[in-house]
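Notes follow the structure.
The values are calculated or read from the model by the stated rules, or taken from the named source; none is laboratory data. On a predicted model such as this, the values are computed, not experimentally measured, just so you know. Quick note on the areas: whole protein, heavy atoms, side chains included, nothing else; ligands and nucleic acids left out. Shrake-Rupley method; radii C 1.70, N 1.55, O 1.52, S 1.80 Å.
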Amino acid sequence: MAYSEKVMDHFANPRNVGEIENADGIGEVGNSKCGDIMKMYIQVENDIITDVKFKTFGCGAAIATSSMATEMIKGKSINDALKLTNKAVMEALDGLPPVKVHCSVLAEQAIKAAISDYYKRKGIDPEPFVGKVPECDECGCNL
Ligand code: FES
């Protein structure tokens, strides 16, 4: 399995790792098949994601995609962040081996889950904006 240089770089030196104290939104998603988990924290000011951090307990491809995804939504509006697809993250990483494509889905879902949490904290129903986001306890990973 060959990884691109960008994947190896983001895996070896992931950007935005950690957590945000008093985050405005926190999303946690898991992959029921492999058991990997991703947690994403966002800070939002005037609808702009001013800071984002993540923690991924998972494979190298999941770490690389979360790292790239956080770079791609930092400084963006909530609306733009919601448009980020796993395909765009993969392209930014110069591709992933086919068996690792599902790992990039975690990053997209974690962003959506964090934004969904942000809306909920504001007392707004997130579903019209974010769609249905799988909750962690629905994914079967038991964490
Ligand atoms: Fe689980 Fe990659 S193998 S996210």
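How much accessible area per residue does segment 75-127 have, counting only protein heavy atoms and a probe of 1.4 Å, in square angstrom?
Computed with neighbouring chains in place, this is 48 Å² per residue.
Using a probe radius of 1.4 angstrom, the carbon and sulfur fraction of the accessible surface of the chain is 50%. Provide the percentage of antiparallel DSSP beta bridges, counting only those with both residues in the chain; round to the nearest 5. Taking every DSSP beta bridge within the chain, about 95 percent pair in antiparallel fashion.
Taking Cα atoms only, the orientation of helix 60-73 departs from the longest principal axis of the chain by about 40 degrees.
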